[in-house]
Amino acid sequence: MAKEFEDYLSELQTDMVAISLEYVEDRADDIFIYCSYEPEAYYFNVFFRLQGKLVLKHQLNDVPDDFTYDTSTERQLALQRIGVQNLEEIHKKCKEYGRDMPSEIKLHYNVKQNSLKAKYNYDIVYSNDDELLPKDIFIRWLEEVKNNL
């Protein structure tokens, strides 16, 4: 049976979740993955919910716990590099299957329920703004999630 576009998309998103879960040593309650693509610029970042607290990837050790996470710069960069590679692969598959590439993908993975929710946006988000960067949109989403907890 031939793979469909949705199969590739699902596999790549699942890999993003897997690398994020590995980064947090399978200890997160929720994983929030932000992906952005606007003309030839890819962006990938992630934040986590640990013990009810939302934290960025470099803040894992700020949560009181008997566990120490490896949040070294090398490890953070490796996570982002793999995430961007997955995003580039999604773009490649979009071109191959004649699909529009989302400008934004927001993934929420609930670890306990093993459920993944995805939101896609196809509108330009930041590249038509001289001040706005993808990181700003990522932090805005973090604040939005924080306010809804």
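Here ILE33 fulfils each of the conditions (1) in a strand (DSSP E or B); (2) free of Cβ contacts under 8 Å to residues at least 40 places away in the same chain apart from (2).
Out of all the residues in the range 9-21, is one or more open to solvent by less than 20 Å² (accessible area, probe 1.4 Å) and in contact with an Asp or Glu (Cβ under 9 Å, 6 or more places away or on another chain)?
Checking the range 9-21: not a single residue is open to solvent by less than 20 Å² (accessible area, probe 1.4 Å) and in contact with an Asp or Glu (Cβ under 9 Å, 6 or more places away or on another chain).
Is it true that some residue in the range 31-42 is farther than 14 Å from HIS108 by Cβ, of a type outside the set (S, T, N, Q), crowded, with 21+ Cβ neighbours inside 10 Å and out of contact with any helix residue (DSSP H, G or I) (no Cβ under 7 Å at 6 or more places or on another chain)? Among the residues of the range 31-42, not one is farther than 14 Å from HIS108 by Cβ, of a type outside the set (S, T, N, Q), crowded, with 21+ Cβ neighbours inside 10 Å and out of contact with any helix residue (DSSP H, G or I) (no Cβ under 7 Å at 6 or more places or on another chain), which makes the answer no.
Please work out which residue is nearest to ASP70 (Cα to Cα), limiting yourself to the range 15-25 and to residues that are of a type in the set (Asp, Glu) and in contact (Cβ under 8 Å) with a residue 24 or more places away in the chain.
Step one: list which residues in the range 15-25 are of a type in the set (Asp, Glu), which gives 15, 22, 25.
Next, from what is left, pick out any that are in contact (Cβ under 8 Å) with a residue 24 or more places away in the chain: 15, 25.
On the way: ASP15: 20, GLU25: 9 Å.
Restricting to residues being of a type in the set (Asp, Glu) and in contact (Cβ under 8 Å) with a residue 24 or more places away in the chain, the top hit is GLU25.
Here the condition is being in contact with a Pro (Cβ under 8 Å, 6 or more places away or on another chain) and either surrounded by 12 or more Cβ atoms within 10 Å (Cβ to Cβ) or among the small types (Gly, Ala, Ser) (or both); of SER127, SER72, it holds for SER127 alone.
The values are calculated or read from the model by the stated rules, or taken from the named source; none is laboratory data. These numbers come from a predicted model, not from an experiment. Reconstructed Cβ throughout: ideal geometry from the backbone, glycine too, with neighbour counts over all protein chains shown. Just so you know, the surface numbers come from the protein's heavy atoms only, side chains and all, with ligands and any DNA or RNA stripped out. Shrake-Rupley method; radii C 1.70, N 1.55, O 1.52, S 1.80 Å.
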